[in-house]
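Read through the structure below, which is laid out as structure tokens, and then see the notes.
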Amino acid sequence: MSKLSHQELITLILSLGVMLLSARLLGELLRKFGIPLVVGEILAGIVLGPSLFGQLFPESLQFIFPSAGGATLALNGITQMSVIMLLFVAGLELELPLILKQGKAAGLTSIFSLAIPFAIGFFAAYYAGDFFGLDDSNHLLVFSLFLGTALSITALPVIARILMDLKLLKTRIGMIVISSAMLNDLIGWLIFSLVLGLMNEGNSEHSLTYTILFTISYAVILLTVGKYLIDKALPWIQKNFSWPGGILSIGLSLCFLGAALTEYIGIHGVFGAFIVGMAFGDSVNLKEQEREIIQQFITNIFAPLFFVSIGLRINFVSNFSIELVAVVTALAMISKIGGAWMGARLSGLNNSESMAIGFGMNARGAMEIILGLLALEAGIINDKLFVALVVMAILTSVISGPMMQVFCKEVVKK
Amino acid sequence: MQINRIALALAFSPRLEANLAEAARLNTLFQSHLYLIHVGDYTAGNEQELQQLLQRFNLTKQNCTVLWQEGETVDTILETCKEHHTDLLITGALEKEGLLQYYMGSIARQLSRKAQCSVLMLTEPSTEPHPFRNIVVSGGECSHTADTIALAMHLAKLEKANKVDIIQESEYHNIARLSSENKTADEVDQIKQEFISEDKEKLDEILSCTDCGSLKIERHHLEGKPGFAISNYAREHEADLLVLSSPDKKLNLLDRLFTHDIEHVLANLPCSVLIVHHENLN
């Protein structure tokens, strides 16, 4: 096995330390102003990367974060692993029973808040591909499907935080928003996995039909038989393995095995990890402390590395296009708020409640950024569109809270 | 809160005598009228066996009606209950069923999911029935929690129960964890405590409007998956009756695949279970 040289090892360790420290410091600073931690982590990457630090001290940037070599490769491997684990946590947080409990209201809100942005994103990209940076017209369908998916995704943790801050989490509106966001995530990642499958069709040894069939079969089997087996195995693991190490390593093993299997099938590994997370998290035998340890371990160590790495790869200044940012943000907001509003109205909620739900569902957060980066890596989108998606994700996450508050005040007044 | 009409889903099985004994006891307790519903072929042998049992349990034409029906078992029982405006349907039930049977739904489980009246599932019926002395009641958020608690208290008073445990379940740790990235541990804990206090206040309000007599009531808040946590509590505390609210929406196969709330209880009954339906309570 080839290994890193002494200097490369130092560079890798140094870069990890700098990334974690800057992410935490900036994240905590923004947290004081009520801005999500993830925004601070992304900003840390932008500050450290070619957008700012690289402009001022290009040699220092090359020293800490070299653009090539063993350390860069290793760091890239770590961030790839981080995104897989992040999706495992996202799956862990998703509760299908909650969606079932909310029934029609969550179903309609979710479907409309997904279908309308998807349709608008798809047709916008299909008829104005050049504006959005379509490089290869052969990929028009994949590109359009991606933009549709990107506009339809919703960020569950951001929404949960907003609802909690507004003391709305236990209300009907809160539960509808949370369960609709969960359903959006599930369907969104399912579609995105198929989009990536479509993109890889030429390169993969598997046909698209095969990929679709396997994607659906994988999800169904994992969420039924897999969930049953995990449920039965957990008490045995808790009894016979050391705690909490046993659960942590078994959980992450399953996450990586699921990711490896889906990568082999031709779907991105993140989907495999996401579904394993759902099956694992739905077990009644998974103790709260165990869930907490897994989540804390991943979101406080690996998530910052991933989000900082985004800013290190891309120059946000040179790739910032005001027109693109404005159009992407406007399309994302109008379609999402409108779609969720329509779904909520159809399920019997009044105008103010529906508007509050619309703004709640509008927060995109980290999920949008992960989706965008995977598309960038797969060659579906270019740097400019990615930057526009990141800015849109940050803007929608920041304005959701205050806007929900406005409409919820109206709900209370009525 | 009164139970005026009780129905028993009757099957000529080894548990017939015990189920009938339990139904007769509750019929006397509530001073109600008992409908014995049998779906299947009428035979003179069955009739004779039944008459002997009716006599033994002092069930006469004044307090009991036997209904011989034909058709699909579950639908016919439910239709008959509806026709006779029964408040409570009693059925025998196994504590646990095979995986396939659970997903397909046994007769008892199907009745509990589809009934338009309250359902009592007896896991260990006895030919010499005992009162329910150790009762666990769900005080969880539901559109008719107050009805459920009221019926449970009414029954507990009639049974002279030793203790009634009212359980509130929540998954606030999940909710708090979801948004914990922007909060300190103390802030998250405070939010959880606020939620729990709100729940307690709601229960206080319900109990203040409920006649609990001199019953010994204990209130507990459990963190865990609703349905699963209360089921475990009832099993660990050797309760002989668990009282729950019927779900606000109809349950289907998906609810069994992604088990939640009452389905956790139905998957493995910890003791006899009373599911309170709100629509036709008096």
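Computed quantities for the displayed model
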item	result
Residues of the stretch B:253-264 that turn out to be within 9 Å of chain A (Cβ to nearest Cβ) and over 19 Å from B:ALA229 (Cβ atoms), as a count	2
Residue count for the stretch B:119-176, restricted to those that are part of a loop (DSSP other than H, G, I, E, B) and of a type in the set (A, V, I, L, M, F, W, C)	3
Failed item, numbered, when A:LEU61 is tested on (1) in a helix (DSSP H, G or I); (2) modelled with pLDDT of 90 or more	(2)
Boolean, B:SER197 is modelled with pLDDT of 85 or more, of a type in the set (S, T, N, Q) and surrounded by fewer than 21 Cβ atoms within 10 Å (Cβ to Cβ)	yes
3 or more residues more than 14 Å from chain B (Cβ to nearest Cβ), touching a residue at least 40 places away in the same chain (Cβ under 8 Å) and touching a Ser or Thr at 6+ places or on another chain (Cβ under 7 Å): qualifying helices (runs of 4 or more DSSP H) within the stretch A:210-300	A:269-281
Any hit, the stretch B:33-42, residues being in contact with a Phe, Trp or Tyr (Cβ under 6 Å, 6 or more places away or on another chain) and outside any loop (DSSP other than H, G, I, E, B)	yes
Scope the stretch B:234-270; condition among the hydroxyl-bearing types (Ser, Thr, Tyr) and over 17 Å from B:CYS142 (Cα atoms); matching residues	B:THR259
Residue that is surrounded by the fewest Cβ atoms within 10 Å (Cβ to Cβ) [pool: residues in the stretch A:75-106 that are facing chain B (nearest Cβ under 10 Å) and touching a Ser or Thr at 6+ places or on another chain (Cβ under 6 Å)]	A:LYS104
Positions within the stretch A:131-173 being more than 21 Å from A:SER335 (Cα to Cα) and either assigned to a loop (DSSP other than H, G, I, E, B) or of a type in the set (Phe, Trp, Tyr) (or both), in sequence order	A:LEU134, A:ASP135, A:ASP136, A:LEU166, A:LYS167, A:LEU168, A:LEU169, A:LYS170, A:THR171
Qualifying residue in the stretch A:363-381 (condition: under 16 Å from the mean Cα position of the chain (by Cα), surrounded by fewer than 24 Cβ atoms within 10 Å (Cβ to Cβ) and among the charged types (D, E, K, R))	yes
For A:GLY360: the one exception among (1) more than 19 Å from the chain's Cα centre (by Cα); (2) within 18 Å of A:LEU183 (Cβ to Cβ)	(1)
A:PHE57 touching a residue at least 12 places away in the same chain (Cβ under 8 Å) and away from chain B (no Cβ under 14 Å)	no
Residues (aliphatic (A, V, I, L, M) and within 11 Å of chain B (Cβ to nearest Cβ)) located in the stretch A:301-316	A:ALA303
Filter result (over 11 Å from A:ALA106 (Cβ atoms), out of contact with any Gly (no Cβ under 6 Å at 6 or more places or on another chain) and within 12 Å of chain B (Cβ to nearest Cβ)) within the stretch A:150-184	A:LEU156, A:PRO157, A:ALA160, A:ARG161, A:MET164, A:ASP165, A:LEU166, A:LYS167, A:LEU169, A:LYS170, A:THR171, A:GLY174
Subset tally (residues that are without any contact (Cβ under 8 Å) to a residue 12 or more places away in the chain and away from chain A (no Cβ under 13 Å)) for the stretch B:194-235	4
Matching residues, the stretch B:236-253, being polar (S, T, N, Q) and either assigned to a strand (DSSP E or B) or without any contact (Cβ under 8 Å) to a residue 40 or more places away in the chain (or both)	B:SER245, B:ASN252
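The values are calculated or read from the model by the stated rules, or taken from the named source; none is laboratory data. Because the structure is predicted, anything quoted here is derived from the model rather than measured. Reconstructed Cβ throughout: ideal geometry from the backbone, glycine too, with neighbour counts over all protein chains shown.
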